[in-house]
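Working notes, beginning with the structure itself.
The values are calculated or read from the model by the stated rules, or taken from the named source; none is laboratory data. Keep in mind the model is a prediction, meaning the values are calculated, not measured. Note that each Cβ is placed from the backbone with ideal geometry, even for glycine, and that neighbours are counted across all protein chains shown.
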Amino acid sequence: MIAEPAQLVPGARLALPLGEGRERARNRPRSGDCQFDDRLVRRASAAGLSLDEGLAEQLRTYYQLLAKWNTKVNLTAFRLTPAGEDDAIDRLLVEPVVAAGHVADSAKTMIDVGSGGGSPAIPIKLALQHLQLRMVEARTRKSAFLREAVRVLGLREAVVDTARFEEMLGRPELHEIFDLVSLRAVKIEPHTLLIVRTLLRVGGNAFLFAGPSGVKVDGLLPPELATIATFSLVDALKSRLVVLGRRGDEGGTFHVKQRRRMRLDCAAGPD
């Protein structure tokens, strides 16, 4: 059964100050940016989101950097036009921010598996900047993009590992320290879920991003993992978020975070 979001509550992101006078005018979106911003606002609204201005600006910067690099490095199969396409904005930007609303308030550490072009990890980090983020990507050129995105966006406490996901089993310093593990476009097999279990601390969650049919994990989960909820993400994509929980040997109760609101106040132009 799909769990629908509860009534939205105020979120953590606040609008970034724009300054005054020339500095404020200079920071306003250019005409091409305005087209993208308008589409982002519409797509976010269709998903029940209200993004703050600072988050919207950073999402635009990430999208533009992704589009630039995608001409030379195959980061995503989506068509990344200057004004944005609905499906690309929904999948790469809106969907992760919706998912960010389900991250537990107590979560501090996150690891993203097969990070590729940086979605969903980077938009989640932009929405929840307190998270300490580790992205794992095996391909050198893709991990180079991820490091450039971290630099351009000024993300603090965000690191990139050029490594295969399986290599995390050989790094005991990363075992049982993460509050959140996220996976998209990663084949879910018993070995994959064993690594997820190894990385998650007790009480942590794994986010599995899926299509309309969800993710088939019945019979694959190790004893310490359980499916605790499935949330609808973006109706236009019919996408789902399957949430797993990690319990200790003694068992325990799982808690599911309902969605919070991300605000956006669009600026019409210079004063």
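Values computed for the structure shown
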{"read-out": "Test: residue in the range 211-218 that is within 20 Å of the chain's Cα centre (by Cα) and under 24 Å from L59 (Cα atoms)", "value": "yes"}
{"read-out": "Qualifying positions in the range 204-236 - closer than 21 Å to M135 by Cα and either in a loop (DSSP other than H, G, I, E, B) or of a type outside the set (F, W, Y) (or both)", "value": "G204, N205, A206, L208, A210"}
{"read-out": "Residue ID - modelled with the lowest pLDDT, chosen from residues in the range 63-100 that are buried (at least 22 other Cβ atoms within 10 Å of the Cβ) and part of a loop (DSSP other than H, G, I, E, B)", "value": "G84"}
{"read-out": "Considering residues of the range 127-145 that are in a loop (DSSP other than H, G, I, E, B) and out of contact with any helix residue (DSSP H, G or I) (no Cβ under 7 Å at 6 or more places or on another chain) only, the residue farthest from L65 (Cα to Cα)", "value": "H130"}
{"read-out": "Options D90, D112: the member that is in contact with a Ser or Thr (Cβ under 6 Å, 6 or more places away or on another chain) and not hydrophobic (A, V, I, L, M, F, W, C)", "value": "D112"}
{"read-out": "Breaking point among (1) closer than 22 Å to G101 by Cβ; (2) at pLDDT below 95, for S182", "value": "(2)"}
{"read-out": "Options A104, A149; residue that is in a loop (DSSP other than H, G, I, E, B) and either over 18 Å from D179 (Cβ atoms) or modelled with pLDDT of 95 or more (or both)", "value": "A104"}
{"read-out": "Matching entry among P172, P190, P212, P223 (being within 28 Å of G48 (Cβ to Cβ), surrounded by fewer than 17 Cβ atoms within 10 Å (Cβ to Cβ), of a type outside the set (D, E) and modelled with pLDDT of 80 or more)", "value": "P212"}
{"read-out": "Yes/no for R43 being over 28 Å from F178 (Cβ atoms) and either surrounded by 23 or more Cβ atoms within 10 Å (Cβ to Cβ) or in contact with a helix residue (DSSP H, G or I) (Cβ under 9 Å, 6 or more places away or on another chain) (or both)", "value": "yes"}
{"read-out": "The range 146-159 residues that are under 16 Å from Q64 (Cβ atoms), paired with ones that are acidic (D, E) (beta carbon under 7 Å, 6 or more apart)", "value": "L146/E137"}
{"read-out": "Cβ pairs under 9 Å, 6+ apart, first in the range 166-181 and in contact (Cβ under 8 Å) with a residue 12 or more places away in the chain and under 22 Å from S119 (Cβ atoms), second of a type in the set (V, I, T) and part of a loop (DSSP other than H, G, I, E, B)", "value": "D179/V103; L180/V103"}
{"read-out": "Candidates F178, F231, F207, filtered to the one that is closer than 24 Å to P123 by Cβ and either surrounded by fewer than 16 Cβ atoms within 10 Å (Cβ to Cβ) or touching a His at 6+ places or on another chain (Cβ under 7 Å) (or both)", "value": "F231"}
